[in-house]
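J.: One structure, as structure tokens, below. Some questions next.
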């Protein structure tokens, strides 16, 4: 019983983390049809910016809770600056290319973002534990948990709610739905697709940066942190269905639970299960478990 | 084998998509060398009919026999093997290859000698055959032009030429003149029909332009809501009351306005 | 000296135009200096806690010896009279990249010897290539005993005792200092070092504290995984009193931070075999009462120890880099000292500038004084070092506002390592004959 | 007769001649150049494998699977049977990759575009997940690969291995050139251009893709095996992780699809570029690679080879 509870909570925490990281990826794919490897770069930049600014805040003796503001500010800055620049300067020139070629372009971007981190932040790891320490721990299911990790679940819920709200209940959501459905039709009926793309990409980038920034206090922020993350979030997005937000939710839950189960029961299968599930889903239902099936036009 | 005189024999063919009936109790026979025109308004089930014969769609029920052999639900490539070919409403050619290479690929596949690895695609024998086809379809002057840069009419011709190199006994042409300018339409059809007459191929073609239909077909099948409402020689069919009401409407005699997209969206 | 079939003739064909220029430049080979590549992690999670301090340790000693400013017995100028030119190379990027880089160092950059290497993975991968390219290579930090057991390398040496010593010393310390451990589990990285550390620790515990029982499901996360939430949960769920870990690099710091927030260290005794760097780097965040080792007489363990060499090292290091030398600083410095001792010896014997064979001959079975203790290359046919290893318990020194180790115990070599010509695992399984400690 | 027919093809004679020159140059260069060239040519072979798929319009983002399989086949063969003969090693690497490719081909032949890329990625990450976590397969460390022997003879230098790689490269390049110009080979472009038409011409697209996939897997597996022999080490992060797949795709974009020689030129250029970049700017290496990738996609969509094609002596039809 205790083991089950622990497993569930571990899985949920990890799933929340994965959801926050991958939801931006899925939104960008849904709207712009770009499977964005550079999302990993946003994640890493978010983590570094947060760790750095939290460190600076601590250096000046500011209280620990300032860290949360730093996390928010870092993800917004990274998301807006990189999201805007990359969409405007690079992706815009690539919209007429095949999806796979754009995927490769984002791989190039990913590499560039990785090395920019080395050049800007150096090679040494950063620690930004203040927010995690600030929230302390709580007894759950017989073992103690850090509240910070549990707060990931809440953050994931907030992110999911915001996405749902924007897409379902606002004018923006309706416009987005049209753009997702057919780019040319949206252009024809006077929707400014260019603006939509910029904002979508900034939104996605901000979410990626938020994932990195929020996780930063619990890890040592070091070069290369995004290499494993990006491929895991690919798995999440692909399992749920590329472009589907509920899909990302389910995908994250599946991967999170599977991984927690594996670590507890069969540690050597930890990575294997995730990608095996990804492969199986792609074999059976390439569009993912939750993507709407589109008829192929000929 | 009492139907040996029919190339194609169709009995009680039905097709429905999620409750919408696209083909309903279709019965017909096509004789060798016969040229049959299929007419009907958009959505009448013409293309569905063609797609079923060549195996792109599987009928819900019914029988399709080709030269006495049941080909219901056959794979398109197997249909080609046994002698049923087709062209497309939107020409399906290899856009990045030259006209010559388009035809060479088609010829090598038709001759089923594509597995010979040592022989280059443009082996002298294939090239000779290819040139003969190009001459026949008046494509020689476009020989080294990339297909993507061809004018609509030429591309249509190439599309049809590629379909006939396998020397089919039955050829289905889905709107051979759609997207072709008015002046080119008759030239195109002249080339095609003359070429096919030589081979004695039975042709089934979907067409909107009644002038074309009248001029080239032996027989007309008129479709309405998935059903054949008339199956008769052109002079009779075009005077048929149902055909006039449901197919020709008041537009008979005027130019067709084709409102469908000319090009696939994502070619 | 190098084995390339090499002619600076007309290389204008095909590739020639592309790579011709550098070939000509590398042909100018200077004999006066001895070129030594120092390999350590300069990027990635291991750079801060291990790579950079290690590099600094080597750099400091090479400079001091070249200038002749070290205290006795290393006060002579140069290495056997030769100046060493150190070039510093990154160890990150995986074993395959390291092997490629190693070949490049020897064959392109004409390096005379290579020292360093922190990860056991790198060491295992490099040794066969060192043999193939016949280049003196001295490992500084890596710990897997497999390096010399079952292999008879001619060109590879290691100035650091291997994981068996760390593990046995850990078990001895637990027996002597903690006494009451009934059960234990572990979290170790999923490669040679982590796997070996746990295996030997487990056997040593069974032999030394027969009343205790080891876990059958210890955790082996991937190296540099960075997030240990789920692993911490599993460890907390286990009944074990004590958790063993051979984590090093950024992983130990991340683990300690994540675990301490969850009160892990209040519930479990924790023994960290190689985590001393984190004690300095995390300061007050590192939990007090943790058993910590430095894999030798290095770093925080000997910070208060007297002795001319040690004091000189700590002072000069702090003066130059502004921080205390960490364990890897000592380990890399120790390798430089071994090279100095061997080259001096070889120079004395040959009466001139020693060549590679003479240095290797002098290196075999070498005994030398390190910064805070003595080291002898006694195992592995004279290629593998033995030296004492100590553990202590972390505490906070209010006075100096810095961490320190208390209850330090240092175990002599015969207690923690098998005698010559015995395989570690067999020796451990036989309850460590000859080690009455 | 056959030889005469083959030598009539200009690409083939050029490829054979350049590799022959390279084999002679190999006798005269220092070891590091020999090594770099071996790594480059081995990678080039893998990229040639990707090129087969690329001409069909498919981009595999998981070819590290076959590269890694080839490399690990060599390492495990030695570990469990002690065999170190170059031909056995090469054959085992190639066969392992081809066999796995054949099985996975049944699934992958039904996928296109981004789904093909993602499914390949998933398969390669499954192998990565298995390797990284299992001690018997070396986990993160991998294995050392001992020096290669040739029919029981242990050569003193790397040159015989270099020659083997050259020979494999020549055979593969010439074989692929013959394949590409055959009717079956032109089907690659045909399938990319229009699958429906291929089906209606009477050929199974799935089968065509399957054949190409197995070919591609076999080439990449052989490449992995040769690479492991040249390097003397295998490990999951530098042979199986997704970044390796990305690197291979990067080289194929760099080289361009224009010729069977392009992958080798691209890969060798990449290898030496990397060697120098690591020395000069170790922290900006990925920046250079990533920037180049972007630049090529934006400004040189048909790769380095298109620069060669533009030379006045090679004025061929070029549609872009």
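J.: Restricting to the stretch C:391-402, name every residue that is outside any loop (DSSP other than H, G, I, E, B) and surrounded by fewer than 21 Cβ atoms within 10 Å (Cβ to Cβ).
T.: Correct list: C:393, C:395, C:396, C:397, C:402.
J.: Taking the stretch A:6-20 only, how many residues are within 12 Å of chain C (Cβ to nearest Cβ), farther than 11 Å from residue A:255 by Cβ and out of contact with any strand residue (DSSP E or B) (no Cβ under 7 Å at 6 or more places or on another chain)?
T.: Qualifying residue count for the region: 6.
J.: Picking from A:103, A:113, which residue would you name as being facing chain D (nearest Cβ under 7 Å) and either surrounded by 22 or more Cβ atoms within 10 Å (Cβ to Cβ) or under 27 Å from residue A:149 (Cα atoms) (or both)? Write out each step before concluding.
T.: Details: A:113 fails: facing chain D (nearest Cβ under 7 Å).
Only one candidate qualifies: A:103.
J.: So, one more: Give, as residue ranges, the strands (runs of 3 or more DSSP E) completely inside the stretch B:134-248 that count at least 1 residues that are under 16 Å from the mean Cα position of the chain (by Cα) and buried (at least 21 other Cβ atoms within 10 Å of the Cβ).
T.: B:170-174, B:202-206, B:219-224
J.: Considering A:247, A:288, which residue is under 14 Å from the mean Cα position of the chain (by Cα) and more than 9 Å from every other protein chain (Cβ to nearest Cβ)?
T.: Details: A:288 fails: under 14 Å from the mean Cα position of the chain (by Cα).
After applying the criteria, what remains is A:247.
J.: Then there is this: Restricting attention to the stretch C:231-249, does a residue exist that is over 23 Å from residue C:195 (Cβ atoms) and free of Cβ contacts under 8 Å to residues at least 24 places away in the same chain?
T.: Checked the stretch C:231-249: no residue is over 23 Å from residue C:195 (Cβ atoms) and free of Cβ contacts under 8 Å to residues at least 24 places away in the same chain.
Residue by residue, here is whether (1) surrounded by fewer than 24 Cβ atoms within 10 Å (Cβ to Cβ); (2) touching a residue at least 12 places away in the same chain (Cβ under 8 Å) holds:
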position: A:182; (1), (2): yes, no
position: A:206; (1), (2): yes, yes
position: A:214; (1), (2): no, yes
position: A:217; (1), (2): no, yes
position: A:234; (1), (2): no, yes
position: A:246; (1), (2): yes, yes
position: A:259; (1), (2): yes, yes
position: A:264; (1), (2): yes, yes
position: A:289; (1), (2): yes, yes
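Conditions tested, residue by residue: (1) surrounded by fewer than 24 Cβ atoms within 10 Å (Cβ to Cβ); (2) within 11 Å of chain A (Cβ to nearest Cβ); (3) at positive phi.
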site	(1), (2), (3)
C:191	no, no, no
C:198	no, no, no
C:202	yes, no, no
C:221	yes, yes, no
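J.: Suppose the filter is on the phi < 0 side of the Ramachandran plot, within 14 Å of chain B (Cβ to nearest Cβ) and touching a residue at least 40 places away in the same chain (Cβ under 8 Å); does residue D:261 pass it?
T.: Working: on the phi < 0 side of the Ramachandran plot: yes; within 14 Å of chain B (Cβ to nearest Cβ): no; touching a residue at least 40 places away in the same chain (Cβ under 8 Å): yes.
Criteria not met by residue D:261.
J.: Quick check on this structure: which one of B:150, B:157 is away from chain D (no Cβ under 12 Å) and either more than 29 Å from residue D:207 (Cα to Cα) or without any contact (Cβ under 8 Å) to a residue 24 or more places away in the chain (or both)?
T.: Details: B:157 fails: either more than 29 Å from residue D:207 (Cα to Cα) or without any contact (Cβ under 8 Å) to a residue 24 or more places away in the chain (or both).
Criteria check complete, one pass: B:150.
J.: Related question: Restricting the stretch D:105-150 to residues that are closer than 14 Å to residue C:220 by Cβ and outside any helix (DSSP H, G or I), which is nearest to the other protein chains (Cβ to nearest Cβ)?
T.: Here the answer is D:134.
J.: A follow-up question, please. (1) surrounded by 19 or more Cβ atoms within 10 Å (Cβ to Cβ); (2) more than 21 Å from the chain's Cα centre (by Cα); (3) assigned to a helix (DSSP H, G or I): which one isn't true of residue D:202, the others all being true?
T.: (3)
J.: Another question, if that's okay. Considering only helices (runs of 4 or more DSSP H) fully contained in the stretch B:1-110, which possess at least 2 residues that are buried (at least 18 other Cβ atoms within 10 Å of the Cβ), modelled with pLDDT under 90 and out of contact with any strand residue (DSSP E or B) (no Cβ under 7 Å at 6 or more places or on another chain)? Before the answer, list the steps.
T.: Details: elements: B:46-53, B:76-82, B:99-110.
In the stretch B:1-110, B:76-82, B:99-110 are the helices (runs of 4 or more DSSP H) which contain 2 or more residues that are buried (at least 18 other Cβ atoms within 10 Å of the Cβ), modelled with pLDDT under 90 and out of contact with any strand residue (DSSP E or B) (no Cβ under 7 Å at 6 or more places or on another chain).
J.: Could you say whether any residue in the stretch B:90-98 is within 26 Å of residue B:246 (Cα to Cα) and in contact (Cβ under 8 Å) with a residue 24 or more places away in the chain?
T.: Checked against the condition, which is being within 26 Å of residue B:246 (Cα to Cα) and in contact (Cβ under 8 Å) with a residue 24 or more places away in the chain, the stretch B:90-98 yields at least one hit.
J.: Show me the helices (runs of 4 or more DSSP H) found entirely inside the stretch D:262-320 where at least 2 residues are over 22 Å from the mean Cα position of the chain (by Cα) and at pLDDT 85 or above.
T.: On the way: elements: D:262-280, D:285-299, D:305-309.
Of the helices (runs of 4 or more DSSP H) lying wholly inside the stretch D:262-320, those with at least 2 residues that are over 22 Å from the mean Cα position of the chain (by Cα) and at pLDDT 85 or above span D:285-299.
J.: Do we find that residue C:181 is more than 8 Å from every other protein chain (Cβ to nearest Cβ) and either at positive phi or outside any helix (DSSP H, G or I) (or both) in this structure?
T.: Taking the combined requirement at face value, the residue satisfies it.
Conditions tested, residue by residue: (1) touching a strand residue (DSSP E or B) at 6+ places or on another chain (Cβ under 6 Å); (2) at the interface with another protein chain (Cβ under 9 Å from one of its Cβ atoms).
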site: C:56; (1), (2): no, no
site: C:64; (1), (2): no, no
site: C:75; (1), (2): no, no
site: C:82; (1), (2): yes, no
site: C:87; (1), (2): yes, no
site: C:95; (1), (2): yes, yes
site: C:110; (1), (2): no, no
site: C:127; (1), (2): yes, yes
site: C:133; (1), (2): no, yes
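J.: Only residues that are surrounded by fewer than 20 Cβ atoms within 10 Å (Cβ to Cβ) and over 19 Å from residue A:200 (Cα atoms): list them for the stretch A:69-96, please.
T.: Within the stretch A:69-96, just A:69 meets the criteria.
J.: Just give me the residues in the stretch D:21-42 being more than 10 Å from chain C (Cβ to nearest Cβ) and surrounded by fewer than 22 Cβ atoms within 10 Å (Cβ to Cβ), in sequence order.
T.: Passing the criteria: only D:23.
J.: If we keep just the residues of the stretch C:31-72 that are modelled with pLDDT under 90 and over 21 Å from the mean Cα position of the chain (by Cα), which is farthest from residue A:118 (Cα to Cα)?
T.: Only one residue fits best here, namely C:72.
J.: Please list, ordered by residue number, the helices (runs of 4 or more DSSP H) wholly in the stretch C:276-382 having 2 or more residues that are assigned by TED's automatic domain parsing to the domain that holds residue C:405 and in contact with a strand residue (DSSP E or B) (Cβ under 6 Å, 6 or more places away or on another chain).
T.: Qualifying helices (runs of 4 or more DSSP H): C:276-282.
J.: Check C:333, C:342 and return the single one that is under 16 Å from residue C:154 (Cα atoms), buried (at least 23 other Cβ atoms within 10 Å of the Cβ) and touching a helix residue (DSSP H, G or I) at 6+ places or on another chain (Cβ under 8 Å).
T.: Result: C:342 is the single residue among C:333, C:342 that is under 16 Å from residue C:154 (Cα atoms), buried (at least 23 other Cβ atoms within 10 Å of the Cβ) and touching a helix residue (DSSP H, G or I) at 6+ places or on another chain (Cβ under 8 Å).
The values are calculated or read from the model by the stated rules, or taken from the named source; none is laboratory data. Given the structure is predicted, the values throughout are model-derived calculations rather than measurements. Glycine also receives a Cβ, built like all others from the backbone with ideal geometry; neighbour counts cover every protein chain displayed.
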